[in-house]
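**Student:** Next up is a structure, given as structure tokens.
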């Protein structure tokens, strides 16, 4: 008797969670799609757009002078038409300019906003910078968190761009710039520096144009080399490293589980993913004008003079311009 009761209890406990499903099968009442907020998207300029919304009331008031900034402790905002930070000055006040914000060489600040533009001399340090126009950074400037410009962002040599640098227009990076994420309609390196090109592994599979030119998509189970001058009208994926020689044009995506190397004059019109590293040589290009693409690596990225990306550059462990 005890055994029968035990088996009955076990079956009941096992079957109980199935009862609502059986009722639903017999009389469906929950066969419509779940409500999902489809208007959500990952915005590369999220921080700046949020910041603009928060300071909109202050900007529209035109009440120049000191004001409390978003109820933050020990932080006030200084509102002006064309405020100017003196060279080597230090301030914990948020600088808000209805028109132009000027930061002298060596100045240190927290947040800065320029309605029309921001201009920084050499060695300026800021927590965040945001402008509805253009932003110009001199050499050796440092941004702790993020920087955004509506029209254009011009970065001098040896700068640090924090977690995110973005623009609604063009981004130009000088030499020796350190970054994590950069976004723009066009991101280009303007530098006189040089970086040694990586070398392919000796056992890499060599891909010749006569074998791969017309596709279909190429998958290589190891390291691969695409020979100089090849036109590949497809995508390519290597389970190892992918070494793309000079002057190669790939109309699809290029994906490597190892390092992705694109040598001088090479073009990838789709996305470029290098899991362990990304190297973009002189005058290389990722994407096409008007279409947002991504150059991504979970490792380090190196961009040489003239390297251009239309869209995102993401380097999880830090990237540099040569």
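Bear in mind that the values in this text are calculations on the coordinates, not laboratory data. If you're wondering where the values come from, they're calculated on a predicted model, not measured in any experiment. Every residue, glycine as well, gets a Cβ built from its backbone with ideal geometry; the counts of neighbours run over all protein chains shown.
**Student:** With viscosity set to 0.890 mPa s and temperature to 25 °C, compute the Stokes-Einstein D of the chain, Rh being the Kirkwood radius across alpha carbon pairs; µm²/s, no decimals.
**Tutor:** Numbers: Rh = 22.5 Å.
Answer, rounded: 109 µm²/s.
**Student:** So for segment 46-168, averaging the separation of alpha carbon pairs under 8 Å that are six or more residues apart and normalising by length, what relative contact order in percent results?
**Tutor:** Numbers: 339 pairs, mean separation 17.9, N = 123.
Contact order relative to length: 15 percent.
**Student:** For residue 251 and residue 9, what is the calculated FRET efficiency with R₀ set at 41 Å and r taken between the beta-carbons, to the nearest 0.05?
**Tutor:** Numbers: r = 65 Å, r/R0 = 1.58.
The formula returns an efficiency of 0.05 here.
**Student:** Can you give the calculated 222 nm mean residue ellipticity of the chain, where each DSSP H run of n ≥ 4 adds -39,500 (n - 2.57) and the sum is split over every residue, rounded to the nearest 500 deg cm²/dmol? Mind showing how you got there, number by number?
**Tutor:** On the way: 4 runs with 42 residues, N = 322.
So the calculated ellipticity at 222 nm is -4000 deg cm²/dmol.
**Student:** Tell me, 269, 75 in order of fewest to most beta-carbon neighbours within 10 Å?
**Tutor:** Details: 269 19, 75 14.
Starting with the residue having the fewest Cβ neighbours, the order is 75, 269.
**Student:** While we're here: Please state the relative contact order of segment 205-321 as a whole percent: Cα pairs under 8 Å, 6+ residues apart? Working shown, then result.
**Tutor:** On the way: 393 pairs, mean separation 18.6, N = 117.
The normalised contact order for segment 205-321 reaches 16 percent.
**Student:** Follow-up. Considering segment 205-321, what Rg and Dmax in Å follow from its alpha-carbon atoms?
**Tutor:** Over segment 205-321's Cα set, Rg and Dmax evaluate to 12.5, 37 Å.
**Student:** Let me ask you something else. Restricting attention to the alpha-carbon atoms of segment 46-168, what are Rg (one decimal) and Dmax (integer), both in Å?
**Tutor:** Looking at segment 46-168, its Cα Rg and Dmax stand at 12.9, 38 Å.
**Student:** Taking square-rooted eigenvalues a ≥ b ≥ c of the alpha carbon gyration tensor, is segment 122-279 rounded, prolate or oblate, where a/c under 1.5 means rounded and, failing that, a/b exceeding b/c means prolate? Could you put the intermediate results ahead of the total?
**Tutor:** Details: a/c = 2.67, a/b = 2.26, b/c = 1.18.
It comes out prolate by the Cα gyration axes.
**Student:** Just subtract the alpha-carbon distance of residue 49 and residue 75 from 0.36 nm times their residue separation and send over the number in nm, one decimal. Before the final figure, lay out each step's value.
**Tutor:** On the way: separation 26, 0.36 × 26 = 9.36 nm, distance 2.06 nm.
In short, 7.3 nm is gained.
**Student:** Estimate the FRET efficiency between residue 151 and residue 86 by the formula 1/(1 + (r/R0)^6), using the beta-carbon distance for r and 25 Å for R0, to the nearest 0.05. Present the calculation step by step, with values, prior to reporting the outcome.
**Tutor:** Working: r = 27 Å, r/R0 = 1.07.
Computed FRET efficiency for residue 151 and residue 86: 0.40.
**Student:** Based on the mean of other Cβ atoms within 10 Å per residue, sort peptides 50-60, 217-227 so the most packed one is first. Spell out each step's value before the answer.
**Tutor:** Numbers: 50-60: 13.2, 217-227: 18.4.
The packing order, highest mean first, is 217-227, 50-60.
**Student:** Using a Förster radius of 25 Å, what is the FRET efficiency between residue 202 and residue 144 based on their Cβ-Cβ separation? Nearest 0.05, please.
**Tutor:** 0.05
**Student:** How high is the relative contact order of the chain, in percent, counting Cα pairs under 8 Å that sit 6 or more residues apart? Could you put the intermediate results ahead of the total?
**Tutor:** On the way: 931 pairs, mean separation 28.5, N = 322.
Once divided by the residue count of the chain, the mean separation gives 9 percent.
**Student:** Let me ask something else. For labels at residue 228 and residue 291 in the simple 7 Å Cα→Cβ model, what's the distance in nm?
**Tutor:** Here the modelled spin labels are 2.8 nm apart.
**Student:** Fully extended, how many nm does the chain gain between residue 192 and residue 22 (0.36 nm per residue separation, minus their Cα-Cα distance)? Please report the intermediate quantities before stating the final value.
**Tutor:** Numbers: separation 170, 0.36 × 170 = 61.20 nm, distance 7.08 nm.
Between residue 192 and residue 22, full extension yields 54.1 nm more.
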